[in-house]
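Every number in this text was worked out from the coordinates using simple rules, so none of it is lab data. No experiment lies behind these values; they were computed from the predicted model shown. FYI the Cβ positions are ideal-geometry reconstructions off the backbone, even for glycines, and counts take in every protein chain you see.
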Amino acid sequence: MSDCLFCKIIAGEIPSDKVYEDELCYAFNDIAPQAPSHFLVIPKAHIGSVSEIDGSNSGLVAHIFEVIAKITAEKGIESYRVVSNIGEQAGQSVHHLHFHVLSGRDMTWPPG
Ligand code: AMP
């Protein structure tokens with residue numbers, strides 16, 4: 001999608017701090033980290049949010065979770081939180097599906 005920030009990052013039009021890449025997804029460090037380690041994993045295909053996941057694209061989401069397990073294992077991260085914000089009230093600011101992976105500090109529950 002031409003006006004999507006994360007599509008521009010995938011295309012290399014906006015610089016990013018790459019963590020991982022394969023044919024289906026891209027991972028990069030968050031520009032405003034909320035924990036000592038905070039990276040995002042996104043599908044290369046434009047999907048607006050979790051609300052747009054269905055039988056046609058859920059395999060991609062399964063792949064992303066495999067990638068999250070792989071990246072965290074390689075980094076030696078044993079405890080972490082995966083978050084996806086959906087919609088304005090939940091705090092979604094970029095409308096391209098992304099999973100925050102946060103670690104390295106104590107986290108509260110329930111989240112604020
Ligand atoms: P959300 O608010 O859940 O939609 O998450 C969007 C995330 O994207 C935020 O944590 C931002 O800090 C992050 N972000 C925005 N622009 C960039 C960028 N150019 N590079 C890396 N992360 C970004």
Requested in this report: Please give the number of the condition LYS8 fails out of (1) farther than 16 Å from HIS96 by Cα; (2) assigned to a helix (DSSP H, G or I).
Outcome: (1)
Query raised in the report: How many of the residues making up region 75-89 are within 16 Å of the ligand (Cβ to nearest atom) and surrounded by 11 or more Cβ atoms within 10 Å (Cβ to Cβ)?
Result: 8
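One line per residue, one yes/no per condition, for (1) within 16 Å of the ligand (Cβ to nearest atom); (2) at negative phi; (3) touching a strand residue (DSSP E or B) at 6+ places or on another chain (Cβ under 7 Å):
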{"residue": "SER2", "(1), (2), (3)": "no, yes, no"}
{"residue": "ILE10", "(1), (2), (3)": "yes, yes, yes"}
{"residue": "TYR26", "(1), (2), (3)": "yes, yes, yes"}
{"residue": "ASP30", "(1), (2), (3)": "yes, yes, yes"}
{"residue": "ALA35", "(1), (2), (3)": "yes, yes, yes"}
{"residue": "HIS46", "(1), (2), (3)": "yes, yes, no"}
{"residue": "VAL67", "(1), (2), (3)": "no, yes, yes"}
Query raised in the report: In region 38-61, how many residues are among the small types (Gly, Ala, Ser), under 27 Å from SER79 (Cβ atoms) and within 13 Å of the chain's Cα centre (by Cα)?
Result: 1
Report summary line: The residue from THR72, THR108 that alone is more than 10 Å from the ligand (Cβ to nearest atom), assigned to a loop (DSSP other than H, G, I, E, B) and of a type in the set (Ser, Thr, Tyr) is THR108
